[in-house]
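Visitor: Take this structure first; my questions come after.
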Amino acid sequence: MNEEAAFAQLYRSHYAQVRGLCRHLLGSPARGEDAAQETFLRAYRSFASYDRGQPFAGWIMSIARHHCLDLLRRRSTETALFGTEADEAAGTAA
């Protein structure tokens, strides 16, 4: 089995679990779906460095967790700098 086929099988086996974690951490089905897709894209790009002696589930979930935490940090920073959409709408209405 070539690497692409192997990765495709791992994707099918683990996607629901990764999406569930992302949805839970980000609090949104749409954001969770996007984060899960990005997680697998990142994993695919670094698949050659994956240690096949280690469980894939732990590796992919770690990538997902770190990606979601980065998104949450970025959202927190953006909110602190620019405020929320509700704040902006209230300012515009005034």
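Visitor: Here are the criteria: (1) in contact with a Pro (Cβ under 8 Å, 6 or more places away or on another chain); (2) open to solvent by less than 90 Å² (accessible area, probe 1.4 Å). Tell me which single one Phe47 does not satisfy.
Guide: Single failed check for Phe47: (1).
Visitor: Quick check on the range 46-94: of everything there that is of a type in the set (Gly, Ala, Ser) and modelled with pLDDT under 70, which residue is farthest from the chain's Cα centre (by Cα)? It would help to see each step written out before you state the result.
Guide: Filtering the range 46-94 for residues of a type in the set (Gly, Ala, Ser) gives 46, 48-49, 53, 57-58, 62, 64, 76, 80, 83, 86, 89-91, 93-94.
Next, from what is left, pick out any that are modelled with pLDDT under 70: 80, 83, 86, 89-91, 93-94.
Numbers: Ala80: 22, Gly83: 24, Ala86: 25, Ala89: 29, Ala90: 31, Gly91: 32, Ala93: 35, Ala94: 37 Å.
Taking the candidates together, the pick is Ala94.
Visitor: Then there's this: Would you say Gly32 is at pLDDT 95 or above, exposed (fewer than 15 other Cβ atoms within 10 Å of the Cβ) and part of a helix (DSSP H, G or I)? Lay out the reasoning, then the answer.
Guide: Details: at pLDDT 95 or above: yes; exposed (fewer than 15 other Cβ atoms within 10 Å of the Cβ): no; part of a helix (DSSP H, G or I): yes.
It is false that Gly32 is at pLDDT 95 or above, exposed (fewer than 15 other Cβ atoms within 10 Å of the Cβ) and part of a helix (DSSP H, G or I).
Visitor: Six or more apart or on different chains, Cβ atoms under 8 Å: show the pairs whose first residue is in the range 59-76 and of a type in the set (Lys, Arg) and whose second is part of a helix (DSSP H, G or I).
Guide: Arg65/Leu21; Arg65/Leu25
Visitor: Can you tell me which residue in the range 14-26 is nearest to Arg65 (Cα to Cα), limited to those that are within 12 Å of the chain's Cα centre (by Cα) and open to solvent by 50 Å² or more (accessible area, probe 1.4 Å)? Lay out the reasoning, then the answer.
Guide: First pass over the range 14-26, keeping only residues within 12 Å of the chain's Cα centre (by Cα): 15, 17-26.
Narrowing the set further to residues that are open to solvent by 50 Å² or more (accessible area, probe 1.4 Å) leaves 17, 19, 23-25.
Values: Gln17: 12, Arg19: 11, Arg23: 11, His24: 10, Leu25: 8 Å.
My answer is Leu25.
Visitor: Kindly list, by first and then second residue, each pair from a residue in the range 33-52 that is under 14 Å from Leu21 (Cβ atoms) and without any contact (Cβ under 8 Å) to a residue 24 or more places away in the chain to a residue that is open to solvent by 70 Å² or more (accessible area, probe 1.4 Å) and of a type outside the set (Val, Ile, Thr), limited to pairs with Cβ atoms under 7 Å and residues at least 6 apart or on different chains.
Guide: The qualifying pairs are Glu33/Arg19.
The values are calculated or read from the model by the stated rules, or taken from the named source; none is laboratory data. Model, not experiment: these values are computed from the prediction. All Cβ positions, even for glycine, are placed from backbone atoms using ideal geometry, and neighbour counts span all protein chains on display. Each accessible area value is taken on the protein alone, full model and side chains, heavy atoms only, with ligands, DNA and RNA left out. Shrake-Rupley method; radii C 1.70, N 1.55, O 1.52, S 1.80 Å.
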